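This report concerns only the one structure given below.
The values are calculated or read from the model by the stated rules, or taken from the named source; none is laboratory data. Note that the coordinates shown come from a computational prediction; the quantities given were computed from them, not determined experimentally. Reconstructed Cβ throughout: ideal geometry from the backbone, glycine too, with neighbour counts over all protein chains shown.
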Amino acid sequence: MEVFEVGGAVRDALLGEPVAERDWVVVGGSPAELLRLGYRQVGKDFPVYLHPKTGEEYALARTERKVAPGYHGFSVDASADVSLEEDLGRRDLTINAMARDSAGRLIDPFGGQQDIEARILRHTSAAFNEDPVRILRVARFAARFNRLSFTIAPETMALMHEMVQAREADALRPERVWQETEKALAEDRPDVYFETLRECGALAVVFPEIDALFGVPQPPRWHPEIDTGVHTMMCLRIAATLSADTAVRFAALTHDLGKASTPKSILPRHTGHEERSVQTLDELCARLPIPRRHKELACVVARYHGVVHRADELRPGTVLKLIEAADGIRRPERFEALLTACEADARGRTGLESSDYPQRARLQRAFKAARDVDTKPLAATAQGPELGKAIRHQRLAAISAALNE
């Protein structure tokens, strides 16, 4: 039995990146042998074991053969005679298909080190087209390594496009789509993920609501970039610089979904797009397992981003309604997230990427005043609906004072 370090840890070490976790492949071993040594099996579809001391994952070397459509349509061979090279050959990209032996020697049968030096994301073999999840993974790696100037090899992009044309992407399970997307949203350049999917045609399959935004015009006076899809990608890119929270980034991504369904007769205006955006968001979140926190914030941003942008014009009553809509008194972090996503929207426009967003400070000041209202004295003199009215009256007064500072 031989053990090799594989995958991301080998890749990241060559890149000089921090190694977050290590994975191992066991060649010439068997389930019985690993169990005897105290490893704990966790894999169901194929044999994966946790080391009894480190807890790191050890997988038996395996090959996979496509036998039916879809994610589960694979025949797996994890017998003791599967070689390391055969195991590495089933991996998606050459940069992920390298290993190190116990002496630290690099094993690189597919040229991963060369592709790292050339900053290229290239599929390992023709078997790439057997698993449509790899389309999402390549797009995610493009987002992760954009800062290192990685590009996708033309032949890999062509293969991804062929897979989409062959309707392989139609078999992607909602759970896997969101799993890869949430990881991509956490990267430095999440917009690259969606742009990559659009380039190969997969965006129209997995996120048709976002794909439909491209080509939809907006008023040049407010949106010099004109195209709603371009604006959306700019918003996401700005959001990634403002917050590491994937819920904020998702909200920036989806805030204008309703513009795709604007009647052509009123373009480039988008009257009522806020409510249509919420409706489209509901449909998107019904199809994919979007976390509740992401959906709730995204809906608030979609419905109220126009209100936030008009902060200078808002009356105290409107500001309080905005705070209540975000459940800000109980969840101040969500009100702050709303303002962050709205700032990304305002700055996600050509020539305005570095502009100030004074609306944020103004509404933060009003929000703090509303939250600082001491309700205990009021509770001593009023109850029920009367108490609610008294609290609201005090908060309105506090907001009014804050807005007039």
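Checked across the stretch 240-249, the condition of being under 20 Å from P208 (Cα atoms), free of Cβ contacts under 8 Å to residues at least 24 places away in the same chain and either not in a helix (DSSP H, G or I) or not assigned by TED's automatic domain parsing to the domain that holds A184 (or both) holds for no residue.
How many residues are surrounded by fewer than 20 Cβ atoms within 10 Å (Cβ to Cβ) and part of a loop (DSSP other than H, G, I, E, B) if we restrict to the stretch 188-222? Within the stretch 188-222, residues that are surrounded by fewer than 20 Cβ atoms within 10 Å (Cβ to Cβ) and part of a loop (DSSP other than H, G, I, E, B) number 11.
Scanning the stretch 81-122 for residues that are more than 29 Å from the chain's Cα centre (by Cα) and among the β-branched types (V, I, T) turns up V82, I107. When the residues of the stretch 24-42 are filtered to those that are of a type outside the set (F, W, Y) and buried (at least 17 other Cβ atoms within 10 Å of the Cβ), the one that is farthest from G112 (Cα to Cα) is L34.
Each row is one residue, and each column tells you yes or no for (1) touching a His at 6+ places or on another chain (Cβ under 8 Å); (2) modelled with pLDDT under 95; (3) of a type in the set (K, R); (4) closer than 30 Å to A166 by Cα.
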{"site": "A212", "(1), (2), (3), (4)": "no, no, no, yes"}
{"site": "F250", "(1), (2), (3), (4)": "yes, no, no, yes"}
{"site": "D256", "(1), (2), (3), (4)": "yes, no, no, no"}
{"site": "R292", "(1), (2), (3), (4)": "no, no, yes, no"}
{"site": "A302", "(1), (2), (3), (4)": "yes, no, no, no"}
{"site": "V308", "(1), (2), (3), (4)": "no, no, no, no"}
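Here the condition is being at pLDDT 95 or above and within 28 Å of H223 (Cα to Cα); of R362, R331, it holds for R362 alone.
Each residue in the stretch 230-245 was checked for being surrounded by fewer than 23 Cβ atoms within 10 Å (Cβ to Cβ), over 18 Å from A142 (Cβ atoms) and of a type outside the set (V, I, T), and 4 of them qualify.
Select the helices (runs of 4 or more DSSP H) contained entirely in the stretch 313-405, then report the ones holding at least 1 residues which are more than 27 Å from the chain's Cα centre (by Cα).
Numbers: elements: 316-325, 332-347, 358-371, 376-379, 384-403.
Those helices (runs of 4 or more DSSP H) span 316-325, 358-371, 376-379, 384-403.
Here the strands (runs of 3 or more DSSP E) wholly within the stretch 21-75 that include at least 2 residues being modelled with pLDDT of 90 or more are 23-27, 48-50, 57-60. In this structure, T181 does satisfy being in contact (Cβ under 8 Å) with a residue 24 or more places away in the chain, polar (S, T, N, Q), closer than 23 Å to A252 by Cβ and in contact with a Phe, Trp or Tyr (Cβ under 8 Å, 6 or more places away or on another chain). Any residue that is buried (at least 16 other Cβ atoms within 10 Å of the Cβ), part of a strand (DSSP E or B), out of contact with any Phe, Trp or Tyr (no Cβ under 6 Å at 6 or more places or on another chain) and among the charged types (D, E, K, R) - is there at least one of those in the stretch 87-103? Within the stretch 87-103, one or more residues are buried (at least 16 other Cβ atoms within 10 Å of the Cβ), part of a strand (DSSP E or B), out of contact with any Phe, Trp or Tyr (no Cβ under 6 Å at 6 or more places or on another chain) and among the charged types (D, E, K, R). Of the residues in the stretch 372-386, at least one is in contact (Cβ under 8 Å) with a residue 24 or more places away in the chain and either surrounded by 12 or more Cβ atoms within 10 Å (Cβ to Cβ) or outside the structural domain of R310 (by TED's automatic domain parsing) (or both).
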